Amino acid sequence: MISFCIPRVYKHYTTDFIHEKLYSLHLGTIKRITEFPCKKDGNYKKIFIHYSDFEENKQLYYQLSKRGYINVVYDNPWYWKLYKAYYQVPS
């Protein structure tokens with residue numbers, strides 16, 4: 001299982017909206033999306049995306065290793081920064 005983190009998402013975006021946008025990238029099967037409120041700013045939340053099945057994508061891994069994140073465009077020109085998460089997946 002692999003997990004990713006989007007550190008800042010406007011709080012009005014639902015997990016269904018986020019799931020739909022990430023599903024459209026065909027990265028794999030999303031098992032769960034977890035959200036936490038941002039402590040510093042109440043207008044944002046932090047999102048963790050947990051994949052149960054993740055497609056091998058060499059370009060994605062290259063960008064993650066090179067920059068540490070990838071940009072996911074959800075509404076041009078708006079995008080989220082997607083980082084590999086080191087958060088332990090809850091059972």
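The residues of the range 1-33 that are more than 24 Å from Asn43 (Cβ to Cβ) and out of contact with any strand residue (DSSP E or B) (no Cβ under 9 Å at 6 or more places or on another chain), listed by number, are Ser24, His26. Taking strands (runs of 3 or more DSSP E) as the structural unit, no element lying wholly within the chain holds at least 3 residues that are exposed (fewer than 13 other Cβ atoms within 10 Å of the Cβ), at pLDDT 90 or above and among the acidic types (Asp, Glu).
The values are calculated or read from the model by the stated rules, or taken from the named source; none is laboratory data. Predicted model, so just to flag it, every value in this text is computed and none were measured. No Cβ is skipped: glycine too gets one built from the backbone with ideal geometry, and neighbour counts run over all protein chains shown.
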